[in-house]
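Structure first, commentary second.
The values are calculated or read from the model by the stated rules, or taken from the named source; none is laboratory data. Note that the structure is predicted; figures quoted are calculated from it, not measured. As a convention, Cβ positions derive from the backbone with ideal geometry for all residues, glycine included, and neighbour counts pool all protein chains shown. Surface areas here come from the heavy atoms of the whole protein model, side chains and all, with no ligands, DNA or RNA. Shrake-Rupley method; radii C 1.70, N 1.55, O 1.52, S 1.80 Å.
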Amino acid sequence: MTSKVLVEIKAPVATIMLNKPERLNAVDVEVWEGIREAAIAVDAAPGVRAVVLEGAGGAFCAGLDVKAGSTLGRLDEGSPATAMLRIREHLTHLQECFTRLERVRVPVIAAIQRVCIGAGVELALCCDIRLAAEGTIFSIPEVQLGIVPDMGGTQRLPRTIGIGMAKELIYTARRFDATEALRIGFVNHVYPAGELAAEIAANGPLAVQAAKQSIDGTYWRELPHWLHWEAEQAVGPLLSEDRRAGMKAAAERKRADFQGH
């Protein structure tokens with residue numbers, strides 16, 4: 001397992017920690033795959049009844065690590081048809097890494113602090129419960145990069161906070177704080193994550209796990225189809241000049257001048 005994602009198991013609670021504090025735990029492909037491996041590891045630990053997902057260094061996740069470069073690598077080279085196929089497969093792989101966390105058999109609690117941006121929001125949406133520290137800043141700013149929130153953001157966020165508010169946050173890319181996150185229902189509480197994990201772990205583990213499967217099995221039944229649709233819509237912007245301009249501007253801490261092509 002990568003050192004960028006750590007797992008600590010102290011049954012009945014396990015902790016998964018994003019471990020890139022020097023980049024505010026911004027994600028790259030290694031982190032995505034580390035999240036999947038961590039989810040498999042906690043699922044294999046029989047004494048675990050709840051999981052806390054957190055970030056090292058006092059921050060949750062600053063989103064895509066723009067300075068690490070695009071996760072696409074050279075996938076966008078070649079004919080448009082070939083590039084589109086490669087990119088869809090790539091997005092599906094990364095989506096599955098996040099979805100594997102969502103499918104952990106026990107409740108997963110996101111302990112969010114300082115920043116929860118972009119892919120960090122999409123990762124938090126894969127958790128059963130989200131808690132935020134006061135002063136945390138949230139945003140889903142992908143359109144400022146000329147891309148779509150393609151790690152489940154266009155699918156999970158509307159089903160969590162309502163379609164109107166989700167559209168506003170995605171279309172404007174604006175920032176909001178923990179107080180607003182609580183008001184709109186993105187987070188459950190401003191509440192210590194360890195206390196809630198212990199409260200869950202004290203209950204009947206078979207009943208809690210069955211309740212999770214019962215809720216998720218209906219509420220998220222069509223998720224694979226939703227994510228496939230999201231990936232289909234994301235490919236075009238990922239092949240655009242707007243995406244290149246947006247990524248370049250973000251790395252330079254500027255606003256891009258999008259031309260719509």
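Return the pair list, or none, for Cβ contacts closer than 6 Å from residues in the stretch 34-45 that are in a helix (DSSP H, G or I) to residues that are not hydrophobic (A, V, I, L, M, F, W, C), at least 6 apart or on different chains.
From the stretch 34-45, the pairs are GLY34/THR2; GLY34/LYS4; ARG36/ARG100; ALA39/ARG100; ASP43/ARG105.
Just checking, which of GLY58, GLY47, GLY63 is surrounded by fewer than 17 Cβ atoms within 10 Å (Cβ to Cβ) and either touching a Leu at 6+ places or on another chain (Cβ under 8 Å) or closer than 30 Å to GLU252 by Cβ (or both)?
GLY58
Can you work out which of the residues in the stretch 33-44 that are within 15 Å of the chain's Cα centre (by Cα) and open to solvent by less than 10 Å² (accessible area, probe 1.4 Å) is nearest to ARG103 (Cα to Cα)?
Going through the qualifying residues, I end up with ALA39.
Are any residues in the stretch 5-48 of a type in the set (Lys, Arg) and over 20 Å from ILE112 (Cα atoms), and if so, which ones? Can you show your working first?
Start the filter on the stretch 5-48 by keeping residues that are of a type in the set (Lys, Arg), which leaves 10, 20, 23, 36.
LYS10 - this is the single residue of the stretch 5-48 that is of a type in the set (Lys, Arg) and over 20 Å from ILE112 (Cα atoms).
One residue is enough: does the stretch 137-151 have a residue meeting the conditions of a type in the set (A, V, I, L, M, F, W, C) and without any contact (Cβ under 8 Å) to a residue 40 or more places away in the chain?
Among the residues of the stretch 137-151, at least one is of a type in the set (A, V, I, L, M, F, W, C) and without any contact (Cβ under 8 Å) to a residue 40 or more places away in the chain, which makes the answer yes.
Would you be able to say whether some residue in the stretch 192-201 is among the β-branched types (Val, Ile, Thr) and surrounded by fewer than 19 Cβ atoms within 10 Å (Cβ to Cβ)?
Going through the stretch 192-201, the residues among the β-branched types (Val, Ile, Thr) turn out to be 200.
With the extra rule that they be surrounded by fewer than 19 Cβ atoms within 10 Å (Cβ to Cβ), the set shrinks to none.
Scanning the stretch 192-201, I find no residue that is among the β-branched types (Val, Ile, Thr) and surrounded by fewer than 19 Cβ atoms within 10 Å (Cβ to Cβ), so the answer is no.
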